[in-house]
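For reference, the structure discussed in these notes is given below.
The values are calculated or read from the model by the stated rules, or taken from the named source; none is laboratory data. Remember, it's a predicted structure, so these values are computed and weren't measured experimentally. A quick note on method: Cβ atoms are made from the backbone with ideal geometry, for glycine too, and the neighbour counts reach across all protein chains shown.
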Amino acid sequence: MELLISLISGAIGGNLSGRLINKIDQGVVINSIAGIVGGGLGGQLLSMVGAGALAGGGVDLMGIIGQIASGGVGGGVVLAIVSVIRKALGK
């Protein structure tokens, strides 16, 4: 359940980041894919570094909030990385 929440919030975070920061916007499909990857990685990394109470706390409210936050931030970060790589390859 936690992974699904991270993936969905990552897709949302990637698309939100792309819309808010026009320089990293890569279109809905790439924003979503980068967000899903980042959301999955963000949720896993947060639980691995010891924030298990926030990220892997089960289906309680704090666990869900932690998964949404880490997924959304991870999605935005991976989208920014993808944007930098694509711009570097385009030059």
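I want to confirm something. Restricting to region 57-83 and keeping residues that are outside any helix (DSSP H, G or I) and surrounded by fewer than 18 Cβ atoms within 10 Å (Cβ to Cβ), which single residue is modelled with the lowest pLDDT?
Restricting to residues being outside any helix (DSSP H, G or I) and surrounded by fewer than 18 Cβ atoms within 10 Å (Cβ to Cβ), the top hit is GLY58.
Before we move on, is LEU7 surrounded by 17 or more Cβ atoms within 10 Å (Cβ to Cβ), of a type outside the set (D, E, K, R), under 13 Å from GLY76 (Cβ atoms) and within 14 Å of the chain's Cα centre (by Cα)?
So LEU7 fails the test.
Tell me which residues, restricted to region 26-42, are over 10 Å from GLY72 (Cα atoms) and in contact (Cβ under 8 Å) with a residue 40 or more places away in the chain.
GLN26, ILE30, ASN31, ALA34, VAL37
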